[in-house]
Amino acid sequence: MSDGDKMKEIQFGSKSSKENYLKAILQLKKNIGDVRSIDIAEHMSLSRPSVSRAMGELQKDGLIYMGEDKSILFTNKGRQQAELVLEKYMFLRSLLSAAGIGEPAITLEACNMEHAISDDTFLALRHMLQTIIKTSE
């Protein structure tokens, strides 16, 4: 196991780690349909045991559950959290792109920012920008 995997395992309990897993599951569901731990491991470049432990934690937190075929399914709470994280990420990517930031900085910065701002702050920023766009039309 690489040092990077060890750090990711140690940090799993963090909000950002949980959000990254939820976002990855949702993105994969949109792209491939049924999602299994191996899909997440490949998508996030993590070991299978790391992902299995993380899935166990997400289950304990009531965010996911496993289907009979070992597919990963969201609870209502998990889906809501995943959708909000992905919405934050996509919004921040758009905002950074509009500001003239290029890749790979957009991906890294949007990911960092999505975890740093609260849901309330995100919703307020989104509302403010929507209001600005409407008034400028």
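Is there a residue being within 22 Å of Leu129 (Cβ to Cβ) and either assigned to a loop (DSSP other than H, G, I, E, B) or not aromatic (Phe, Trp, Tyr) (or both) anywhere in the range 22-32? Yes. The number of residues in the range 1-21 being modelled with pLDDT under 95 and either assigned to a loop (DSSP other than H, G, I, E, B) or under 16 Å from Thr75 (Cα atoms) (or both) comes to 8.
Only one of the listed residues (Lys77, Lys60, Lys70) is under 15 Å from the mean Cα position of the chain (by Cα) and either under 26 Å from Ala110 (Cβ atoms) or in the same structural domain as Ser17 (by TED's automatic domain parsing) (or both). That residue is Lys77. So, in the range 39-49, of the ones that are part of a helix (DSSP H, G or I) and not acidic (Asp, Glu), which residue ends up nearest to His115 (Cα to Cα)? Out of the qualifying residues, it is Met44. Residue-level analysis places Lys70 outside the set of residues that are within 19 Å of Ser17 (Cβ to Cβ) and not acidic (Asp, Glu).
Against the numbered list (1) surrounded by 15 or more Cβ atoms within 10 Å (Cβ to Cβ); (2) modelled with pLDDT under 95, Ala24 comes up short only at (2). The set of residues in the range 21-49 being farther than 21 Å from Asp61 by Cα and basic (Lys, Arg) consists of Lys30 alone. Scanning the range 97-104 for residues that are of a type in the set (A, V, I, L, M) and in contact (Cβ under 8 Å) with a residue 12 or more places away in the chain turns up nothing.
So which residues in the range 30-48 are without any contact (Cβ under 8 Å) to a residue 40 or more places away in the chain and not hydrophobic (A, V, I, L, M, F, W, C)? Of everything in the range 30-48, those that are without any contact (Cβ under 8 Å) to a residue 40 or more places away in the chain and not hydrophobic (A, V, I, L, M, F, W, C) turn out to be Lys30, Asn31, Gly33, Asp34, Arg36, Ser37, Asp39, Glu42, His43, Ser45, Arg48. Pairing residues of the range 54-77 that are at pLDDT below 95 with residues that are among the charged types (D, E, K, R), at Cβ distances under 7 Å and at least 6 apart in sequence or on separate chains, gives Lys70/Arg36.
The values are calculated or read from the model by the stated rules, or taken from the named source; none is laboratory data. Since the model is a prediction, treat every value here as computed from it, not as a measurement. Ideal geometry is used to build each Cβ from the backbone, glycine not excepted, and the neighbour counts take in all protein chains shown.
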